[in-house]
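Okay, so here's the structure we're looking at.
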Amino acid sequence: MQLKSLDYSDKNLLRVREEVKYNLRVSVSNLDQKNLVPLRFLVYKVGPKDNFFKIMARTGMDLDTLSSVNQLSSPQDIYPGMELLIPNMRGFYESEQSSSDDSERKKISSRHKIPSKFLYYDDLRKTWFVPGRGLPKEEKNFFYGMAFSDPLAEEGRISSRFGKRKDPFTKKDTFHGGIDLAAEKGTPVYASAEGVVAFADSKGGYGNLVVLKHLLGYETRYGHLDRILVPSGAKVKKGQLIGEVGKTGRATGFHLHFEILRNSQKQRPIFKGHV
């Protein structure tokens, strides 16, 4: 069903707000003798004057629900024309795919202290929706940008931002899926978050590239390196030295090309200092 407006006169909006309120009361109070209104989703197309927090407030959602249901990595991920799913209850999706069998249902019920009958298994996502509960702390840290640190430890200068830009080679408008941090050749490059080295070699336009895999489907990429200082398969800590700034691959000068992805989708880097 389409949610066409965030105006309080919209009947679909009023109905979903009432269902959210009722379902929250039942799930938070663990009223086992009552039933939730069955989970359903409305689709809302983001308008030019909308932002994450306005949509959250008008629909009766909270940060955890809106971000988890739509697999957002930050409040800045939404844009005009984007279609958001608005559920009729607060809650979140388990971050790991799992089976739909009763043993898994009992584990999740016990972990989140919620009656098992309240849990919903999503066949498309292959994971469980947990009503009335919030995201784990570590996932909130990712959403608020606290999980990642500056890979150049503030030794670089942003020379190209995330989003549309003119390609420095073709001069055509293109999408830039990361940020460029200009710095002198050999400037140390550090792991932005704890993870595992998934790739450490040369790769096309990236030049010398390190790819780190992190929790919750996140990965970071560090391109145009002069030197790679970690082997593939190694576990690295946040802030560990992994390479040095260079201009290998498709680069016009010395800089680090840095990307954050979640579930293979490029995200706007939002840690402190990245705007």
How large is ³J(HN,Hα), in whole Hz, for each residue of the range 18-34 in order, when computed from phi with the Karplus curve 6.51 cos²θ - 1.76 cosθ + 1.60 and θ = phi - 60°, using x for Gly and Pro? 5, 5, 4, 4, 5, 4, 5, 4, 5, 6, 6, 7, 6, 7, 4, 7, 9
Top positive-direction residue, dipole computed over the chain with Cβ charges, set PRO131, SER116, ASN35: ASN35
What length, rounded to one decimal in nm, is gained on full extension from GLN2 through to LYS117, with 0.36 nm per residue of separation minus their alpha-carbon distance? 38.6 nm
Rounded to a whole number, what is D in µm²/s for the range 157-267 from Stokes-Einstein with the Kirkwood radius over alpha-carbon pairs (25 °C, 0.890 mPa s)? 177 µm²/s
Could you compute how much accessible surface GLU184 exposes when probed at 1.4 Å, giving the result in Å² to the nearest 10? 140 Å²
Could you check how much of the accessible area of the chain is carbon and sulfur, as a whole percent, using a 1.4 Å probe? 49 percent
Under 10 Å, Cα contacts only: if you run a Gaussian network model on the chain, which one of THR187, THR252, THR59 comes out with the highest mean-square fluctuation? THR252
Could you pull out every residue, at least 5 positions away or on a different chain, whose amide H is within less than 5 Å of the one on TYR120? Hs are placed 1.01 Å off N in the peptide plane, and Pro or chain starts have none. PHE129
Add +1 for every Lys or Arg and -1 for every Asp or Glu among the other residues with Cβ under 15 Å from the Cβ of SER5, and state the total. +4
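What's the magnitude of the charge dipole for the chain around its Cα centre, counting Lys and Arg as +1 and Asp and Glu as -1 at the beta-carbon? Answer in Debye, nearest 20.
On the way: 45 positive and 32 negative charges, 102 e Å.
For the chain, the charge dipole is close to 480 debye.
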Take the alpha carbon atoms of the range 2-135, find their radius of gyration, then divide it by 2.2 N^0.38 Å using N residues; give the quotient. 1.05
Angle between the Cα long axis of helix 102-112 and the longest principal axis of the chain, 0 to 90 degrees, nearest 10? 80 degrees
With DSSP loop assignment and no more than 14 other C-beta atoms within 10 Å, the trypsin sites (Lys or Arg not before Pro) in the range 6-46 are LYS34, ARG40
What one gets for the chain as the Kirkwood radius, inverse of mean 1/r over different Cα pairs in Å, is 20.6 Å
Whose amide H sits under 5 Å from the amide H of ALA198, counting only residues 5 or more places off or on another chain, with H placed in the peptide plane? VAL211, LEU212, LYS213, GLY233
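Hey, if we sort MET61, MET56 by accessible area with the 1.4 Å probe, largest down, what's the order? The partial results should precede the final answer.
Values: MET61 10, MET56 40 Å².
So, going from the largest accessible area down, we get MET56, MET61.
Taking a probe of 1.4 Å, how large is the accessible area per residue of the chain, in Å²?
Details: 14230 Å² over 275 residues.
So the chain comes to 52 Å² accessible per residue, rounded to a whole number.
The values are calculated or read from the model by the stated rules, or taken from the named source; none is laboratory data. Since we're looking at a predicted model, the values are computed, not measured. Note that each Cβ is placed from the backbone with ideal geometry, even for glycine, and that neighbours are counted across all protein chains shown. Side chains included, ligands, DNA and RNA excluded: accessible areas come from the protein's heavy atoms. Shrake-Rupley method; radii C 1.70, N 1.55, O 1.52, S 1.80 Å.
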